[in-house]
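Values in this text are rule-based calculations from the coordinates and carry no lab data. Please read all numbers here as calculations on a predicted model, not as lab measurements. FYI the Cβ positions are ideal-geometry reconstructions off the backbone, even for glycines, and counts take in every protein chain you see.
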Amino acid sequence: MEQSALERWMPAVLDTRDEEISCSQCFDQTPAYVEAELAGQHQSEVYALFRQHLGQCRVCREEYEALKEVLLAEASDERAE
Ligand SMILES: [Zn+2]
């Protein structure tokens, strides 16, 4: 009885991935991901682990959002010229 409740709960928690990246790996990928996002290619499977980490880690999400603001500002400067 207890087992079945646990079995229902486990797949959602584990998702389908056994891999996870660390904050430093996430940090390394942030610039590439933001550039991919600006190019509309961030949904790529390449960034699946990155997105997963970003969804779980507020520190990395704030880092990502800060960098994205910088790159968006640069991109709009380029378009203005
Ligand atoms: Zn992190």
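What relative contact order, as a whole-number percentage, does the range 18-80 give when Cα pairs under 8 Å and 6 or more residues apart are counted?
Over the range 18-80, the number comes to 41 percent.
What's the FRET efficiency of Asp77 with Gln41 using the Cβ-Cβ distance as r and R₀ = 25 Å, to the nearest 0.05? Could you put the intermediate results ahead of the total?
Numbers: r = 22 Å, r/R0 = 0.87.
It comes out at approximately 0.70.
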